[in-house]
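The values are calculated or read from the model by the stated rules, or taken from the named source; none is laboratory data. Values in this document were obtained by computation on a predicted structure and should not be read as measured data. Positions of Cβ are backbone-derived with ideal geometry, glycine not excepted, and every protein chain shown enters the neighbour counts.
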Amino acid sequence: MSNNFLARQSGSKLLRGGVEWLDKQAAMASTPGNESVSALLAEIKRGNRDAENRLMELTYAELRRVARRQLASERANHTLQPTALVNEAYLKLMAGDMVWENRNHFLASAATAMRNILVDSARARKAAKRGGARHQVTLGDGLAVADALSVDILDLEEQLKEMRSFDPRSERLIEMRYYGGLSINQAAQVLGISERTAKRDFEAAFRWLRSRLEKSGPGPHP
């Protein structure tokens, strides 16, 4: 794909515009009359390479918001920055052969990409430190901040993989909510289930995950 947009975001516009520019992009993306993500995804499916850059422009602010929240939850020092995380995730998405149906499916795929990048980064740091400091992140259920946990990201990954072995749908719900910032309604649409079912399954999955992680992690985050 063309990297023109990514190159521009690494330059003066993003660095000088900061949050104000990102807020403007988010507002433009929600303005009636602008291209929809679904329409651009259809163009990409037809081989329109220019649509890839337009898609990035339309979703960049939202993806960066998710990346900032994700990196802000990390308890240990990290080398990734939100811009780098978004750019790397987007490049992975465009390099694959997945066909997205709509905006929510695209954001769900972005959640998977960000998860893989963050886990790989944590593994690389652990290997470099030869089993040194644990890489802590804050895991919240999206329902009550008081229920947040400070956990090791690799412990979280291990438990999510175990969950996938017996309940892949719930594992996907956790991934979309935690790594992608999708709402219960958005996640339900991706999975093709009712919002009520998604909420019930997510709450049960989070209780299971919390129970497992409390045994290996440092406990509730103040």
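Are there any helices (runs of 4 or more DSSP H) wholly within the range 1-86 with 3 or more residues that are on the phi < 0 side of the Ramachandran plot and at pLDDT below 70, and if so which?
Values: elements: 4-9, 12-29, 37-45, 50-72.
The helices (runs of 4 or more DSSP H) meeting that bar are 4-9, 12-29.
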With the condition kept exactly as written, say whether any residue in the range 122-129 is at pLDDT below 90, under 18 Å from the mean Cα position of the chain (by Cα) and not basic (Lys, Arg). yes
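Test Gly142 against the criterion of being modelled with pLDDT under 90, over 28 Å from Ala198 (Cα atoms) and not in a helix (DSSP H, G or I), and give yes or no.
On the way: modelled with pLDDT under 90: yes; over 28 Å from Ala198 (Cα atoms): no; not in a helix (DSSP H, G or I): yes.
Against the criterion (modelled with pLDDT under 90, over 28 Å from Ala198 (Cα atoms) and not in a helix (DSSP H, G or I)), Gly142 does not qualify.
Please work out if Gly132 is assigned to a loop (DSSP other than H, G, I, E, B), modelled with pLDDT under 90 and over 30 Å from Glu101 (Cα atoms).
Working: assigned to a loop (DSSP other than H, G, I, E, B): yes; modelled with pLDDT under 90: yes; over 30 Å from Glu101 (Cα atoms): yes.
So Gly132 fits the description; yes.
Take the conditions under 20 Å from Gln70 (Cβ atoms), surrounded by 18 or more Cβ atoms within 10 Å (Cβ to Cβ), over 18 Å from the mean Cα position of the chain (by Cα) and at pLDDT 90 or above and apply them to Met176. Does it pass?
For Met176, the condition - under 20 Å from Gln70 (Cβ atoms), surrounded by 18 or more Cβ atoms within 10 Å (Cβ to Cβ), over 18 Å from the mean Cα position of the chain (by Cα) and at pLDDT 90 or above - is not met.
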Within the range 94-106, residues being in contact with a Phe, Trp or Tyr (Cβ under 9 Å, 6 or more places away or on another chain) and assigned to a helix (DSSP H, G or I) number 1
